[in-house]
Amino acid sequence: MLSSSASTGCTARRKTSTPTAGTGCTATIFVAPQGIDNGWPNPNGTDVAFVDALLSALSSTLCLSTPHVYALGFSYGASMSRALACAPGVTTSASLGQHGVNDTVIPIASGREIRHMFVRSNGCDMPPQEPPAPEPLSFDWNKAVYDGCEPGYPVWWIAHGGGHVALPDGGAGGLSFAPAQIWDFFSQFK
């Protein structure tokens, strides 16, 4: 997880119990590094090199399934996740994009441009029209799953009625849709 506002330091939790068959338990390691000066400017690829070194260090101490390593970020962290997806040697990457139609920090048009990049890169079919977007400041959200993508490289796009937030409010005390959608996206890679 990459964020421009995470706590300082790097934490990895070691899973100490073995999942019981049929329980639906999944061993997962979360790592939340902090970018330089609370950001991920990636000057001359230094942040990409840092993530490569971090993965190497984690691989030597934890049991990582390297085909199942994902980058997830919010704001500057999302930009860093995109930088990792576009790093030299990376040809395609699955993508889950989430953007608020009322985002005043990064306009939704910028998020759509990034989505288009992944749609093209992954060989997905581009629909003739923009997927429907919810009304600004609503608690609604719409998900588009693109067809025709290279196997193993799906592109999902979620537009929500909120602003520049990682976990859009579900309204009336409801839970955000984001955690379940993120988990569903990652869970398809087994």
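The values are calculated or read from the model by the stated rules, or taken from the named source; none is laboratory data. Computed from a predicted structure; not experimentally measured. Ideal geometry is used to build each Cβ from the backbone, glycine not excepted, and the neighbour counts take in all protein chains shown.
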Practice problem: Evaluate the following for Val165: is it touching an Asp or Glu at 6+ places or on another chain (Cβ under 9 Å), assigned to a loop (DSSP other than H, G, I, E, B) and within 15 Å of Gly97 (Cα to Cα)? | Solution: yes
Quiz item: Counting only residues that are in a helix (DSSP H, G or I), modelled with pLDDT under 90 and β-branched (Val, Ile, Thr), how many does region 55-78 have?
Solution: 1
Practice problem: Check Gly111, Gly89, Gly123 and return the single one that is among the small types (Gly, Ala, Ser), under 15 Å from the mean Cα position of the chain (by Cα) and closer than 28 Å to Asn42 by Cα. | Solution: Gly111
Quiz item: Can you tell me which residue in region 85-107 is surrounded by the fewest Cβ atoms within 10 Å (Cβ to Cβ), limited to those that are modelled with pLDDT of 95 or more and not in a loop (DSSP other than H, G, I, E, B)?
Solution: Gly97
Quiz item: What are the residues in region 113-158 that are within 20 Å of Ala178 (Cα to Cα), free of Cβ contacts under 8 Å to residues at least 24 places away in the same chain and not in a loop (DSSP other than H, G, I, E, B), if any?
Solution: Asn142, Ala144, Val145
Quiz prompt | Which listed residue is closer than 17 Å to Gln181 by Cα and either hydrophobic (A, V, I, L, M, F, W, C) or without any contact (Cβ under 8 Å) to a residue 60 or more places away in the chain (or both), from Ala78, Ala85 | solution = Ala78
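Listed here are the residues, each with its yes/no results for (1) touching a helix residue (DSSP H, G or I) at 6+ places or on another chain (Cβ under 9 Å); (2) in the same structural domain as Tyr70 (by TED's automatic domain parsing); (3) not small (Gly, Ala, Ser).
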residue	(1), (2), (3)
Ile108	no, no, yes
Phe139	no, no, yes
Lys143	yes, no, yes
Gly173	no, no, no
Phe186	yes, no, yes
Practice problem: For region 39-83, name all the residues that are within 18 Å of the chain's Cα centre (by Cα), more than 21 Å from Leu96 (Cα to Cα) and of a type in the set (S, T, N, Q). | Solution: Asn42
Practice problem: Identify all residues within region 52-75 that are touching a residue at least 40 places away in the same chain (Cβ under 8 Å) and touching a helix residue (DSSP H, G or I) at 6+ places or on another chain (Cβ under 7 Å); write none if there are none. | Solution: Tyr70, Ala71, Leu72, Gly73
